Amino acid sequence: MSPAFGAMEVEHYSKGVLLEPFVHQVGGHSCVLRFNDKTICKPLIQREHQFYETLPTEMRKFTPQYEGVVSVSFEEDEDGNLCLIAYPLNGDHDNLENLDNSDCEPKSKLLRWTNKKTMLLENEKISKEWVRQHRKEEKMKSHKLEEEFEWLKKSEVLYYNVDKKGNVSSQFKHHNPWSMKCHQQQLQQMKENAKHRNQYKFILLENLTSRYEVPCVLDLKMGTRQHGDDASEEKKANQIRKCQQSTSAVIGVRVCGMQVYQAGTGQLMFMNKYHGRKLSVQGFKEALYQFFHNGKYLRRELFESVIKKLTELKSVLEKQESYRFYSSSLLIIYDGKERQEVAVDSDPEDLEDLSEESSDESAGAYAYKPTASTVDVRMIDFAHTTCKYYGEDSVVHEGQDTGYVFGLQNLIDIIKEIRDDSSE
């Protein structure tokens, strides 16, 4: 951001920024929120925070850009609707100079998310009868929410519409089902703790989907092991079981979530982690094929870019001494809306956005806009990452993360198989 960051923007942020649902979250259990168009935020976990502040330079191109920490409070508007508001950390106004908040929602424009906060029940003016009725309604709504989550588990592949502006819409109040699930759980948890705690730290990260009109997102759980060194015996056994019952144990990677644009119907297809766990190796390959298929044809032009980036990432990770990325995910993202062909003899105004690469003679009779077919490959979720440089970890590993590298190589091989089979 320019050093001439205006006083109005600073004042705007210092009053608080409304955090909105991040509709392109397709996996993970941690709540991800939209800070602005280019920035998301999620609850701060100390180990993940440490990773982002100390990660090796060569890994930065394969992770979201870290943009700092904010304080998030659990509040309600005058109508009693719940919301999450982000504020600068005490005395940490330097963060403001590094953030573009021109498109943030101000606190005054509150997004209505869910039920009234239970702290209202402490108001002495409210009758006991109303309190009993309110608690009954809250309990009923809580049970209904649990039923919805159970339904989500059973409805493992869903379709929902995309409007003309690229926004997602469905029966889930304009959120995809997984983002709705994570938001409801986060709000419920914070509401239950509201009497004891109302301030939380969240980390700010680059929104990897911001450059795409209709992001197609594949979330892959990487590695042959998912439990961290600090996991309880119960957690360890649970994670080992999930790996053994999925493709994780066999090929070191499994589907954790996916959304892909269907050009024929104008819908997004969503696949959740419960479906991903059930896939065989052949089913995993079919899911990857589906991710690169827009309902009409296979997006073959994406293969070389994604293979190149995955190969480069594998080379980087092979050189990382002692890192273990347990339970980490890998995102593959591309735009469901394809780039438009533009004739080279078109009006100059139609060509001013073309890159040097796209205007090369090899493009033939047409040149293309540069960004729409860009594929992004990024590692995310480092809550259980460990490294000998962290110091306080009781277990110190040597060498590369062989389970993660094993999964990457198998992923590369399967995508190459899809590419080769489709060209026959």
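Taken together, the values in this text are just the output of simple stated rules run on the coordinates, not laboratory data. Source: prediction; values computed, not measured. Virtual Cβ from ideal backbone geometry, glycine too; neighbours counted across all protein chains shown.
Mind ordering 53-65, 23-35 by average Cβ neighbours within 10 Å, highest first? Let's see the in-between values first.
Details: 53-65: 14.2, 23-35: 22.5.
Output ranking for 53-65, 23-35: 23-35, 53-65.
Under the 0.36 nm per residue contour assumption, what length would be gained going from the current alpha-carbon distance of SER30 and ARG300 to full extension?
Going from the current span to full extension adds 93.9 nm.
Given the Cα-Cα distance of LEU89 and ASP37 and 0.36 nm per residue of separation, how much length would full extension add, in nm?
Extending this stretch completely gives an extra 16.6 nm.
Would you please give the residues with an amide H less than 5 Å from that of PHE292, counting only those at least 5 places away or on a separate chain, with H modeled from the backbone geometry?
none
Can you tell me the order of 321-330, 39-48 when each peptide is scored by its average per-residue count of other Cβ atoms within 10 angstrom, highest first?
For the peptides 321-330, 39-48, the packing ranking is 321-330, 39-48.
To the nearest 0.05, how large is the calculated FRET efficiency for SER322 and GLU53 if R₀ is 22 Å and r is the Cβ-Cβ distance?
Calculated value: 0.80.
How many angstrom lie between the Cα centre of the range 263-314 and the Cα centre of the range 236-255?
20
Around ASP413, under 13 Å between beta carbons, what's the net of Lys plus Arg minus Asp minus Glu among the other residues?
Counting the neighbours of ASP413, the net charge comes to +1.
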